[in-house]
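One structure below.
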Amino acid sequence: MIGRLHHLVIDCPDPLSLARFYSALLGRPVTYRSEEFVVVAVNDHSSGLAFQRAADHVPPRWPDPAHPQQMHLDVMVDDVETACERVLDLGATRLSGPDSHVYADPAGHPFCLIPRPSWAAPIGPP
């Protein structure tokens, strides 16, 4: 095991509005909130759904591949640099951009390696 799922991150034009929708739908509170990023989870020490502002958001059209789904996984790890080496060995590709810890899985889906939050238990073996 390299890491543990932290959040499923969903692109949207208004993170707070979409988070409120899922909060009501799932009966979970909003546990983190900023202008660009909002989280819905059991509590502020657990993983959940995250909503990220995408200024030029174009909604997906199911099942139209010209308008694909816009989500990515955040994977928490104890050591980002060590995890980087391991995911590259597994077949991931490092993606360019402002965040140097964004990768694509072998099928091209993006995911991020993030440092384990202080509230989360160490990753360790499964």
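Restricting to the range 91-126, and then to whatever is among the hydrophobic types (A, V, I, L, M, F, W, C), exposed (fewer than 11 other Cβ atoms within 10 Å of the Cβ) and at pLDDT 90 or above, can you tell me which residue is farthest from residue 41 (Cα to Cα)?
Among those residues, the one meeting the criterion is 121.
Looking only at the range 88-111, which residues are over 26 Å from residue 12 (Cβ atoms) and either assigned to a strand (DSSP E or B) or among the hydrophobic types (A, V, I, L, M, F, W, C) (or both)?
The answer is 88, 90.
Taking interchain pairs and intrachain pairs at least six residues apart, which have beta carbon atoms under 9 angstrom, with the first residue in the range 34-51 and acidic (Asp, Glu) and the second assigned to a loop (DSSP other than H, G, I, E, B)?
Pairs found: 44/29; 44/119.
Which is part of a loop (DSSP other than H, G, I, E, B) and over 13 Å from the mean Cα position of the chain (by Cα), of 83, 55, 19, 24?
Step by step, each of 83, 55, 19, 24 is checked, and only 55 is part of a loop (DSSP other than H, G, I, E, B) and over 13 Å from the mean Cα position of the chain (by Cα).
When you scan the range 1-15, how many residues do you find that are without any contact (Cβ under 8 Å) to a residue 60 or more places away in the chain and either surrounded by fewer than 18 Cβ atoms within 10 Å (Cβ to Cβ) or in contact with a helix residue (DSSP H, G or I) (Cβ under 9 Å, 6 or more places away or on another chain) (or both)?
The number of residues fulfilling the criteria is 3.
In the range 78-89, is there at least one residue being surrounded by 12 or more Cβ atoms within 10 Å (Cβ to Cβ) and over 24 Å from residue 124 (Cβ atoms)?
Scanning the range 78-89, I find no residue that is surrounded by 12 or more Cβ atoms within 10 Å (Cβ to Cβ) and over 24 Å from residue 124 (Cβ atoms), so the answer is no.
For the range 36-55, give me each residue that is charged (D, E, K, R) and farther than 21 Å from residue 104 by Cα.
36, 44
The values are calculated or read from the model by the stated rules, or taken from the named source; none is laboratory data. None of the values given here were measured: they were computed from a predicted structure. Here the Cβ is made from the backbone with ideal geometry for all residues, glycine too, and neighbour counts use every protein chain on show.
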